[in-house]
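The values are calculated or read from the model by the stated rules, or taken from the named source; none is laboratory data. The structure displayed is predicted, hence computed values, not measured ones. Positions of Cβ are generated from backbone atoms using ideal geometry, with glycine treated the same way; all protein chains shown enter the neighbour counts. Only protein heavy atoms, including side chains, enter the accessible area calculation; ligands, DNA and RNA are left aside. Shrake-Rupley method; radii C 1.70, N 1.55, O 1.52, S 1.80 Å.
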Amino acid sequence: MKMKTNKALVLLNMGGARSKDELKTFLTNMFNDRNILTIKCGFFRGLVASMIVKSRLNSAWKNYEEIGSETPLHKLTEKLVDKLNANLEGYKTYQVMRYTAPFASDVIKQMEEDGIDDITILPLYPQFSTTTTKSSLEDFELYSDDKFTTKIIKTFYKNEKFNNCIVNEIMSQTDTPKEYNLIFSAHGLPQKIVDAGDPYEKQMNEHVEILSNMLKEKGYEFNSVSLAYQSKVGPLKWLEPSLDDALVDFKDKNVIIYPLAFIVDNSETDFELDLEYREIAEEIGVGDYKVCKCVNDSDEFIEAIKDIIK
Ligand SMILES: C=CC1=C(C)c2cc3[nH]c(cc4nc(cc5[nH]c(cc1n2)c(C)c5CCC(=O)O)C(CCC(=O)O)=C4C)c(C)c3C=C
Ligand SMILES: [Fe+2]
Ligand SMILES: [Fe+2]
């Protein structure tokens, strides 16, 4: 018989679209988020948000249609939660999404009904960004008040077990690393967010350094290792180099892409990296183009989570 627990692990993530209606919800909530669209006046932000949603909805939905009309993010997160509930002793695991259901307010109500009073919050973002980690934590805290004794894991890009998951996935792609160029692809950010103090770029550089050293220590020497940024949206300057520009250097060469900002696969990996950037790579004349899977609900990542929260 399982012991009743008052402790919970709460996974936070962004959410994603499982229908066109939900894509509208996702985009509306995202562009009304002050951490994403940094316009101070709420009314004006709402106005700009509704204009962006209107102009973006149909074209963005076409992308989802190419991956089966839904993000894989929710199903993969549900599998991760189920696996943690089966394997992580002493905790009940919950998931909360920032822009689509399950929303913080509903999950917190459920947690209270379940008698939870002690929580560990793990935002599923290895590196801290105001646009992701801070936004998700603020949203959760808006509804949780001081209902729970709380521990927060703000980053985990330095965790060795987690990094071993990444390194093993990269190494499984080839036995001849000298013939490949490894590109870590991170979700981009507007440069002005970084200039305002967001630590994401710095942590991303550190993460690439850690992983490069781990690969070298294992005798895995790629022809080159680099970092590029994907998914630019809108007219502002974003972090560089963009993945499109980076790929130009690899005409007639082989590349392996690792999506470094994500824990579970989503439309940015399954559509953007696996379909859209693959097409760009083909146009450029890149040779082999391989995209690694995220750590998802792998047994190795479950072990890493146990280590991250201990
Ligand atoms: C306009 C600003 C955006 C910022 C800043 C941004 C940061 C950011 N996003 C992720 C992770 C994901 N983003 C996803 C989708 C997505 N992101 C933006 C915009 C910004 N993201 C948009 C408009 C969209 C919707 C799709 C589109 O219209 O292009 C997703 C996918 C969700 C899914 O359905 O699978 C993820 C995941 C990170 C990690 C990040 C900053 C570090
Ligand atoms: Fe995004
Ligand atoms: Fe994108």
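Some values worked out for this structure:
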{"read-out": "Assigned charges on the beta-carbon of Lys, Arg, Asp, Glu; segment 212-310 dipole about Cα centre (debye)", "value": "380 debye"}
{"read-out": "Average Cα contact separation per residue, the chain, under 8 Å, 6 or more apart, as relative contact order %", "value": "22 percent"}
{"read-out": "Distance from segment 218-235 to segment 64-143 (C-alpha centre basis), Å", "value": "27 Å"}
{"read-out": "Cα gyration tensor shape of segment 160-291, rounded if a/c is under 1.5, else prolate or oblate by comparing a/b with b/c", "value": "oblate"}
{"read-out": "Eligible aspartates and glutamates near K310 by straight Cα distance, threshold 13 Å, same-chain separation 8 or greater", "value": "E89"}
{"read-out": "16 Å Cα-Cα reach of K83 towards aspartates and glutamates, excluding residues that sit fewer than 8 places from it in its own chain", "value": "D297, D299, E300, E303, D307"}
{"read-out": "DSSP-loop trypsin sites (Lys or Arg not before Pro) across segment 124-173, with at most 16 other Cβ within 10 angstrom", "value": "K147, K154, K158"}
{"read-out": "Charge dipole magnitude, Cβ of K and R +1, D and E -1 - segment 109-229, Cα centre, debye nearest 20", "value": "480 debye"}
{"read-out": "Mean ellipticity per residue at 222 nm, deg cm²/dmol - from DSSP H runs of n ≥ 4 across the chain, formula -39500 (n - 2.57)", "value": "-13000 deg cm²/dmol"}
{"read-out": "Inter-site label distance for D252 and K293 at 7 Å from Cα along Cβ, in nm", "value": "3.5 nm"}
{"read-out": "Inter-probe distance in nm under a simple model that places probes 7 Å from Cα toward Cβ, at D245 and D114", "value": "4.5 nm"}
{"read-out": "Lys, Arg +1 and Asp, Glu -1 on Cβ, resulting dipole of the chain about Cα centre, debye, nearest 20", "value": "780 debye"}
{"read-out": "Backbone N within segment 263-301 under 15 Å of label point (7 Å from E160 Cα along the Cβ vector)", "value": "none"}
{"read-out": "For segment 277-290, 3J(HN,Hα) per residue [Karplus equation, 6.51 cos²θ - 1.76 cosθ + 1.60, θ = phi - 60°, Hz, x = Gly/Pro]", "value": "5, 4, 5, 4, 4, 4, 4, 6, x, 5, x, 5, 10, 10"}
{"read-out": "Above-threshold pairs, the threshold being 23 Å between Cα atoms, out of K154/K306; K7/K293; K178/K290; K79/K232; K75/K306", "value": "K7/K293; K79/K232"}
{"read-out": "Cross-link reach list, aspartates and glutamates versus K251, counting only Cα pairs under 14 Å and skipping chain neighbours closer than eight places", "value": "E179, E279, E282, E283, D288"}
{"read-out": "Top of I256, I280, I183 by mean-square fluctuation, Gaussian network on the chain, Cα under 10 Å", "value": "I280"}
{"read-out": "Neighbourhood net charge (11 Å Cβ-Cβ; Lys/Arg +1, Asp/Glu -1) for Q191", "value": "-1"}
{"read-out": "Length added when fully stretched, E179-E217, from 0.36 nm per residue minus Cα-Cα", "value": "11.9 nm"}
{"read-out": "Total formal charge among the other residues, if their Cβ is under 12 angstrom from that of T155, Lys/Arg +1 and Asp/Glu -1", "value": "+3"}
{"read-out": "Gaussian network model of the chain, springs between alpha carbon atoms under 10 Å - residue of C294, C165, C41 with greatest fluctuation", "value": "C41"}
{"read-out": "Whether segment 1-78 is rounded, prolate or oblate, judged on the alpha carbon gyration tensor where a/c under 1.5 counts as rounded", "value": "oblate"}
{"read-out": "Efficiency of FRET from Cβ geometry, A86 and L236, R₀ 41 Å, rounded to 0.05", "value": "0.40"}
{"read-out": "Among A196, A281, A186, residue whose mean-square fluctuation peaks in a GNM of the chain (springs only between Cα atoms under 10 Å)", "value": "A196"}
{"read-out": "Accessible surface of segment 101-168, 1.4 Å probe, proportion on carbon and sulfur as whole %", "value": "46 percent"}
{"read-out": "Table column - 3J(HN,Hα) (Hz), segment 245-255, Karplus curve with 6.51, -1.76, 1.60, x for Gly and Pro", "value": "5, 4, 5, 4, 6, 10, 4, 6, 10, 9, 10"}
{"read-out": "Range of Cα positions in the chain per principal axis (Å), largest first", "value": "58, 49, 38"}
